[in-house]
Structure formats: C-alpha cells, structure tokens
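Q: Below you will find the structure I want to go over with you.
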Amino acid sequence: MTAAPRPDVVIVGAGIVGAACAYALAREQLRVLICDAGFPGGGATAAGMGHIVVMDDSPAQLALSALSRRLWEELAATLSLACEDERPGTLWIAASGEEFSALDEKRALYGRAGVRAEILDEQTLAAAEPNLRRGLAGALFVPDDRVLYPPNAARWLLDAAIERGAELRIGSAARAVGAGRLTLVGPSGAVETVEAGAVVIAAGIDTPSLIPGIAIVPRKGHLVITDRYPGLLHSQLVELGYLHSAHSMSGASTAFNLQPRSTGQVLIGSSRELAGRDASINPAIVRDMVARAVAFMPALAGCLAIRTWTGFRPATPDKLPLIGPWPDLPGVWIAAGHEGLGITTATGSAALIAAGIAGRAAPIDATPFLPSRPMPAMEAA
Ligand SMILES: Cc1cc2nc3c(=O)[nH]c(=O)nc-3n(C[C@H](O)[C@H](O)[C@H](O)COP(=O)(O)OP(=O)(O)OC[C@H]3O[C@@H](n4cnc5c(N)ncnc54)[C@H](O)[C@@H]3O)c2cc1C
C-alpha cells in the first residue's frame, strides 16, 4: 500500500471561508486537504443571511468587499441552482433628510471603489418598493449586490475544489496546531499527525481553541424567516444606520435588514449581542427586530413567521477579519474573524490566502488584515 501524498495545504474548517480557500488553493494546482469537525457549512455559514454586499465601514472593508463581490460575480454563471444566487441589489434606506444628505458621500465612496450606485428620491424609492412605509427620504441603490444560500454555496466551493483534487474529511477535528503540522482526530477517534507545507485555520469562532490568544469572540445574531410572499419586496433593504449597529460592540443592537429569497420568503434581520455561546432565542431582541422591520414595512405585520434561529459571527475588536500568516507559528495561516460579512468576503479572503501561499502579490493591500497587526481591546458588552 502506498501512503497518500503529503498535502501542500491543510485547511481547518469547511465553512464558507475554508471552502473558498480550498477552491482558490486547488485552482493553484496545490494538493489540498480540508477537514471539518462537524458538518461542512454547518457553523456560522448555515446561520447567515447570504447577502453579498459591498460595505464601507472602513477603506479596508470597502476594498475587500468590493473585490469579493467581483469574485462572486465571476463565479455566478457556474454556481449550481441550489446556491440560489440572484442579483436583487441593495437599497440603503435613508429614513430622514439628514440621512438622505449622507447618501452623496456614500455614493462617491462606492464610485471610487468601482461600485455602481444611484440615489433614489422619496418617490422613486416608493415606486421601487411599494410596501415600504411612506415618508422615507430616499435610498442609495447598489444594483450589483447579490443574495445566495450560504451552506449550498460552501458545498459548491468544496465540490469544485474536490473536482480539482482536494480531499474533504467530514467529522475530522483538529486538536493541536504546530509549525506546518496538525493533529487530527477522525470520526472514529483515530488520531493522526498531518504535515503540510501550509496550514490554514478557518475555524470561525472556534479559532481561539487552536490559536490561543487570537482576538475572536462569538457575536450572536437572530434571523426570522416568513412564509412565501412573492413580490412583497424586490431588493435587499438595509437601513443606513446598519453600519453603526455592526460597528459598535457595546450592548445589544438591532437594525432593519430585509432580504427577498428566491422562494418568495422574506428573511428578517438583524441583531447583534455578546452573549457567549448561548444560542437560545432572546424574545426581547426578536420583538425589537420584528417591530423595527414592521415600522419600515407595515405589510409585514400580516405575514406569518415560520422559523427563528440564531448564529454566531466570529468578531474581532477592530471589525476586520484576520487573513494572513500567524507570526508565532511558521507555515500557519489564519482566515477567520469575518463577523457579519464572511459570506461576502470569503472569496476575497481566499484570494489573499492563495496569493500569500503562492508567493504572489496580493490583489488588494493585505496589510489591514494581517493577523500580526496591533489589536485594540475588545469593547465590553
Ligand atoms: C445572523 C447572521 C447573519 C449573517 N448574514 C450575513 C450576510 O448577509 N452576509 C455576509 O457576508 N455574512 C453574513 N453573516 C456572517 C457569516 O455568516 C460569517 O462571517 C461566516 O459564515 C463565517 O464563515 P467561517 O467559514 O469563518 O465560519 P463557520 O461557518 O463557522 O465555519 C467554521 C467551520 O470550522 C469548523 N471547525 C471549528 N473548529 C474546528 C476544528 N478544531 N477542527 C475542524 N473543524 C473545525 C466548524 O465545524 C465550522 O464548520 C451572518 C452571520 C450571522 C450569524
């Protein structure tokens, strides 16, 4: 019997980020082994909304999300139907005149990043989304933002990597990480040491259990999904204040965020709180979230909600993911800490990891994402 060839890269975690890394690295002709302790795409990826959105909380976030959306666009024609990939665009809703006047700057910022966006006034917004309440000041429409179904997109990326020779091990947990080395415990309890040219840790909120001291904490979010109401809304709707809710770590917060699914269902988000790993539904937060959604779209009051769930975003203190080499362990790379934007930024993160491992220039400035950067202290809840 001949031993399997030593992998060039081992990836820990087959969520959307690990899956995108596996695909990007397999396309580099590298031998990839990817393992997941649970079910691929079953972590934060299964809980996410699947909004592929360009966000501008910081210049680095804008650069990574714009690159990532471009990479999703390149994949769009090849994704399976099960990925439910669509391009409904995003409407950033300005509720007040003050918010409306901020749209010019946001549009200019997007324009400089090569992202198309147009300002809609009160009447044009009402015509585009007739079920929104009257009297909203307007919106910024970003037509090329997308929506997909995250766990199936992760599965598609894994299958595409496997087609290029990658190996996926389900139920295989990494227990210890060394320089270019990993201890794996298989589903039967068998322990194995795997050596590879590079080890990529894409373990989401579990990354600190493998890389002690790394600054990632779980940030809980709730989502509610309705029964089918085709035509109730057309674009992903996000209130302009969403970025403030996402940025500030202090206290629990909710923001208006609605997504049309290809099934005709409506996904209602979103909330943020630091609650450890308590996955239970917090009724007060759900009430607040739904009330906010109904305040923006009164027609939702007559809709049936069929399921509510929670998930944990892997959050970092400076709101940027950790992508790049881990300074304390040569041969170990991190791709984790994507908070509420990891479905979007999985493709760009994978491009940065693939360029780094292949020794090529990065497609955007990788410095803001380096895991070795100085990190502020995590804000208290
Ligand atoms: C409510 C909510 C809404 C969201 N909406 C959006 C959105 O609209 N758009 C967007 O871009 N993002 C969104 N996100 C964020 C997004 O879901 C996450 O950023 C993203 O899924 C993180 O992916 P990941 O691969 O890093 O982590 P995960 O999906 O959690 O994957 C990590 C994987 O690592 C595995 N693992 C852990 N430890 C080990 C180990 N020791 N050995 C082997 N495997 C291990 C786990 O089993 C898991 O499968 C949302 C998140 C939430 C919670």
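Q: Taking the chain as a Gaussian network, where each spring joins two C-alpha atoms under 10 Å apart, which residue of Leu352, Leu267, Leu243 fluctuates the most?
A: Judging by the Gaussian network model, the answer is Leu243.
Q: Would you mind telling me which residue in Ala275, Ala26, Ala47 has the biggest mean-square fluctuation in a Gaussian network model of the chain, where springs connect alpha carbons within a distance under 10 angstrom?
A: In this elastic network of the chain, the residue with the biggest mean-square fluctuation among Ala275, Ala26, Ala47 is Ala275.
Q: Local charge sum around Ser58 (other residues, Cβ-Cβ under 9 Å, Lys/Arg +1, Asp/Glu -1)? Can you show the working numbers first?
A: On the way: positive: Lys319; negative: Asp56, Asp57, Asp318.
Here the count lands on -2.
Q: Could you please rank Asp8, Asp145, Asp121, placing first whichever residue has the fewest other Cβ atoms within 10 Å of its Cβ?
A: In increasing order of surrounding Cβ atoms, one gets Asp121, Asp8, Asp145.
Q: Let me ask you something else. So if I place +1 on the C-beta of Lys and Arg and -1 on the C-beta of Asp and Glu, and nothing else carries charge, what would the dipole magnitude of the range 59-132 be about its Cα centre? I want it in debye, nearest 20. Walk me through the numbers before you get to the answer.
A: Details: 7 positive and 13 negative charges, 76 e Å.
Once rounded to the nearest 20, the dipole reads 360 debye.
Q: Once you list every other residue whose beta carbon is under 14 Å from the beta carbon of Asp121, what net charge do they have if Lys and Arg are +1 and Asp and Glu are -1? Present the calculation step by step, with values, prior to reporting the outcome.
A: Values: positive: Arg107, Arg134; negative: Glu99, Asp104, Glu118, Glu122, Glu129.
In short, -3.
Q: Now for a separate question. Would you compute, from DSSP H runs of 4+ residues alone, the mean residue ellipticity of the chain at 222 nm, taking -39500 (n - 2.57) per run and dividing by the full residue count, rounded to the nearest 500? Working shown, then result.
A: On the way: 10 runs with 112 residues, N = 381.
Result for the chain, helices only: -9000 deg cm²/dmol.
Q: Let me ask something else. Note down the magnitude of the dipole of the chain about its Cα centre, charges +1 on Lys and Arg C-beta and -1 on Asp and Glu C-beta and zero elsewhere, to the nearest 20 debye. If you can, show how the numbers build up before the last one.
A: Values: 31 positive and 36 negative charges, 110 e Å.
Magnitude of the dipole: close to 520 debye.
Q: Continuing with the same structure: With both bridge residues required to lie in the chain, what share of the DSSP beta bridges run antiparallel, to the nearest 5%?
A: 70
Q: Over the chain, what is the relative contact order in percent, taking alpha-carbon pairs closer than 8 angstrom and at least six residues apart? Don't skip to the end; give the middle numbers.
A: Details: 890 pairs, mean separation 87.8, N = 381.
Rounded, it is 23 percent for the chain.
Q: With just the Cα atoms defining each centre, how far is the range 100-120 from the range 282-348? Give it in Å.
A: 24
Q: What net charge is computed for the residues neighbouring Pro260, neighbours being all others with C-beta under 13 Å from the C-beta of Pro260, Lys and Arg scored +1, Asp and Glu -1?
A: For residues surrounding Pro260, the net value is 0.
Q: Let me ask something else. Which one, Val191, Leu274, Ile211, is farthest towards the positive end of the dipole of the range 118-276 when Lys and Arg carry +1 and Asp and Glu -1 on their Cβ?
A: Sorting the options by dipole projection puts first Val191.
Q: Once Lys and Arg get +1 and Asp and Glu get -1 on their Cβ, which of Pro314, Gly331, Ala299 lies farthest toward the positive end of the dipole of the range 263-341?
A: After comparing all options, I get Ala299.
Q: Springs between alpha-carbon atoms under 10 Å, Gaussian network over the chain: tell me which of Ala196, Ala22, Ala362 tops the mean-square fluctuations.
A: Residue with maximal mean-square fluctuation among Ala196, Ala22, Ala362: Ala362.
Q: Which Cα, out of Gly97, Ala179, Gly356, lies furthest along the positive dipole direction of the chain (beta carbon charges, K/R +1, D/E -1)?
A: Ala179
Q: Defining a contact as two alpha carbons under 8 Å apart and six or more residues distant in sequence, what relative contact order in percent does the range 217-327 show? Display every interim value, and only then the final one.
A: Details: 197 pairs, mean separation 43.4, N = 111.
Relative contact order comes out at 39 percent.
Q: For the chain, return all DSSP H helices satisfying: extent of Cα atoms along own axis at least 15 Å; mean Kyte-Doolittle hydropathy at least -0.5. Don't jump to the answer; show the numbers that get you there.
A: On the way: long enough: 16-27 (16 Å, 1.48); 59-76 (25 Å, 0.14); 97-112 (24 Å, -0.99); 150-163 (20 Å, 0.01); 283-296 (20 Å, 1.06); 342-358 (23 Å, 1.41).
TM-like helix candidates: 16-27, 59-76, 150-163, 283-296, 342-358.
Q: How large is the charge dipole for the range 198-316, taken about the Cα centre, if only the Cβ atoms of Lys, Arg (+1) and Asp, Glu (-1) carry charge, to the nearest 20 debye? Kindly include the intermediate steps, with their values, before the conclusion.
A: Values: 10 positive and 6 negative charges, 20 e Å.
Rounded to the nearest 20 debye, it is 100 debye.
Q: Using the count of nearby Cβ atoms within 10 Å as a rough guide to exposure, how do Cys303, Cys35, Cys21 rank from fewest to most?
A: Numbers: Cys303 20, Cys35 24, Cys21 32.
With the fewest neighbours first, Cys303, Cys35, Cys21 line up as Cys303, Cys35, Cys21.
Q: Please report the equivalent ellipsoid semi-axes of the chain, computed as sqrt(5 x eigenvalue) of the Cα gyration tensor, largest first, in whole Å. Please list the in-between numbers first.
A: Details: eigenvalues 258, 86, 79 Å².
Equivalent-ellipsoid dimensions as semi-axes: 36, 21, 20 Å.
The numbers here are math on the coordinates, done by the rules we state, and not lab data. As the structure is a computational prediction, the values presented were derived from the model and not from experiment. Virtual Cβ from ideal backbone geometry, glycine too; neighbours counted across all protein chains shown.
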